[in-house]
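Notes follow once the structure below has been shown.
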Amino acid sequence: MKSTGIIRKVDELGRIVLPIELRRMLEIEEHDPLEIAVEDERIILRKHLPACVFCGAAEDLIEYRGKRVCGRCLQALNEENE
């Protein structure tokens, strides 16, 4: 893990501000969803990328009934229902 040397305080509502330099470097825009994970005693923030609900693939996605499904899984579902 690479340290940036940047320190921010948590405000009374539990928020922190991500510095503009980091947002630009990681291409995080206003209103982008961020995933929050915990590993040991670390809090990890990463840009949320939509993925297939079945296999986790991030390419070739379509939305079906509010869920994202990749083309390969959709094809497998269609074959199962034939």
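Values quoted throughout were computed directly from the atomic coordinates according to the rules given, and no laboratory measurement underlies them. Everything numeric in this text was worked out from a predicted model, so none of it was measured. Neighbour counts are summed over all protein chains in view; Cβ atoms, including those assigned to glycine, are modelled from backbone coordinates with ideal geometry.
Helical content alone sets the calculated 222 nm signal of the chain at -5000 deg cm²/dmol, taking -39,500 (n - 2.57) per DSSP H segment of four or more residues and averaging over every residue. Placing unit charges on the Cβ atoms of the charged side chains and taking the dipole of the chain about its Cα centre, the candidate lying farthest along the positive direction among Tyr64, Gln75, Leu18 is Leu18.
Of all lysines in the structure, those lying under 30 Å Cα to Cα from Lys67, and not within fewer than 8 positions of it along the same chain, are Lys47.
Modelled this way, with points 7 Å down the Cα-to-C-beta line, the labels at Leu45 and Asp32 are 1.1 nm from one another.
What's the ranking of 26-32, 48-54 by average number of surrounding C-beta atoms within 10 Å, highest first? Can you show the working numbers first?
Values: 26-32: 9.6, 48-54: 13.4.
Highest to lowest by the protection proxy: 48-54, 26-32.
Between the helical axis of 71-80 and the longest alpha-carbon principal axis of the chain there is an angle of about 40 degrees. Charging the Cβ of each Asp and Glu at -1 and of each Lys and Arg at +1, and nothing else, the dipole of the chain about its Cα centre rounds to 340 debye.
Under conditions of 4 °C and 1.567 mPa s, the chain yields 81 µm² s⁻¹ as its translational diffusion coefficient, taking Rh as the Kirkwood radius over Cα pairs in the Stokes-Einstein equation.
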